[in-house]
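The values are calculated or read from the model by the stated rules, or taken from the named source; none is laboratory data. Source: prediction; values computed, not measured. Because the Cβ atoms are built from the backbone with ideal geometry, glycine has one as well, and the counts that use them run over all protein chains shown. In case anyone asks, the SASA skips ligands and DNA or RNA and just uses the protein heavy atoms, side chains included. Shrake-Rupley method; radii C 1.70, N 1.55, O 1.52, S 1.80 Å.
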Amino acid sequence: MTTSLEKSTATSEPRLQPRRWLLAIKLAVVLLVLLGVQHSLVAAWRKLGEQELQFDWPWLIASGVIYLVGLLPAAWFWYWLLRCFDLPVAPFSTFRAHYIGHVGKYVPGKAMVFVIRIALLPRAGRLVGPASLAVFYETMTMMGVGACLAAIVLLGWQRATGLAAVVAICCGAGGVLVTLPPVLRLAGRLLERVRPGFRLAAELVRIDMRHVVVGWCANFALWLMLALSFWAALRGVLPAAQVPLSEFPFYLASVALAMVAGFASLIPGGAFVREAVLLELLAPRYGAAVALVAALVVRVVWLVSEVLLSAILYVAGPRESANAH
């Protein structure tokens, strides 16, 4: 005769298996990334002590400000989606939830972004299905547009060939597909077979071409601003002659590829992956040591900007939306 404790252990163990597999996958991704950039990383570490870098703080501050402003189109798009799904939300509370929700990406598990954003909405706007769909589609559109822009730059501006061209084509095609209504509906039907009753899967039928067009326009503006912020961060580390604004397509492709790769890795905040991609892209131009410093500076500037603004918005927000339950 089995005890209740044995039953509990037997029923809970299978639930832990997916988490263990996910952790193993994340660790494998980190290991593969580190192996892939081993040469650049070792070279950067050896030369780091020889560098006499001087940080230009006004440019770094400007980078943080531009980054926060650059997120506005995504916040607006999320607000627009919520209104399209008939949720009674106001602009300030929605924008506040969107910005504070960004800190959730640094917590293990992508679900924390969903939890934070939805919890900070007014009670009337906390319908889990439509609100989750809005978070999901806003995020996928951002990454899809970024992947597509990076592919266009690599193929059209840098004339990528060989494996780089194949990667660019796959990124561009994938970026378009993840935002298309027929693809999302097919994904929803597959999800419903695997997880019956999964709310997000059932809600995917709401997406139509109107949402695609608006989302792509909003996120095109977002990526231009993020590329400008990235350039400003580089300007805070390097002299103006080494980071001409005429190279803007390169900055756009670099930051887009790095962020999309970090997101796809499933690692919280894209840690290691984003920096590894930037290291590989920047090292041929600026040297391994400078590239490593620049990648870390971008991470710190954006992270500090997000945390500071989130703290301000959380304190300034209405009591009702902050104390969600």
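Quick one: order TYR251, TYR106, TYR99 from most to least accessible surface, probe 1.4 Å. Before the final figure, lay out each step's value.
Values: TYR251 0, TYR106 65, TYR99 20 Å².
Accessible-area ranking of TYR251, TYR106, TYR99, largest first: TYR106, TYR99, TYR251.
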Quick one: 3J(HN,Hα) in Hz for segment 180-194, Karplus 6.51/-1.76/1.60 with θ = phi - 60°, rounded, Gly and Pro as x.
7, x, x, 5, 5, 5, 5, 4, x, 5, 5, 5, 5, 6, 6
I'd like the Karplus ³J(HN,Hα) series for segment 141-152: coefficients 6.51, -1.76, 1.60, θ = phi - 60°, whole numbers in Hz, and an x wherever there's a Gly or Pro.
5, 4, 5, x, 5, x, 4, 5, 4, 4, 5, 4
In order through segment 297-303: 3J(HN,Hα) via Karplus (6.51 cos²θ - 1.76 cosθ + 1.60), integer Hz, x for Gly, Pro
5, 4, 4, 5, 4, 5, 5
Mind ordering 170-180, 256-266 by average Cβ neighbours within 10 Å, highest first?
256-266, 170-180
With charges set only on the Cβ (+1 for Lys and Arg, -1 for Asp and Glu), what does the dipole of segment 167-282 come to about its Cα centre, in debye to the nearest 20?
480
Taking Cα pairs under 8 Å and at least six residues apart, what relative contact order does segment 193-289 come out at, in percent?
18
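Taking all protein chains together and a probe of 1.4 Å, list VAL153, VAL128 from the most accessible to the least accessible. All intermediate terms of the calculation are to be shown ahead of the outcome.
Numbers: VAL153 15, VAL128 65 Å².
The ranking, largest first, comes out as VAL128, VAL153.
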Placing +1 on the Cβ of each Lys and Arg and -1 on the Cβ of each Asp and Glu in segment 130-285, which of ALA232, TRP157, ALA187 has its Cα farthest towards the positive end of the resulting dipole?
ALA187
If packing is taken as the average count of other Cβ atoms within 10 Å, what order do 237-249, 202-214, 61-73 fall into, highest mean first?
61-73, 202-214, 237-249
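Probe radius 1.4 Å, ligands and nucleic acids left out: which of ARG299, ARG117 has the largest accessible area, and how do the rest follow? Walk me through the intermediate numbers first.
Working: ARG299 35, ARG117 5 Å².
Largest accessible area first, the residues go ARG299, ARG117.
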How much accessible surface area, in Å² rounded to 10, belongs to the heavy atoms of ASP56 with a 1.4 Å probe?
50
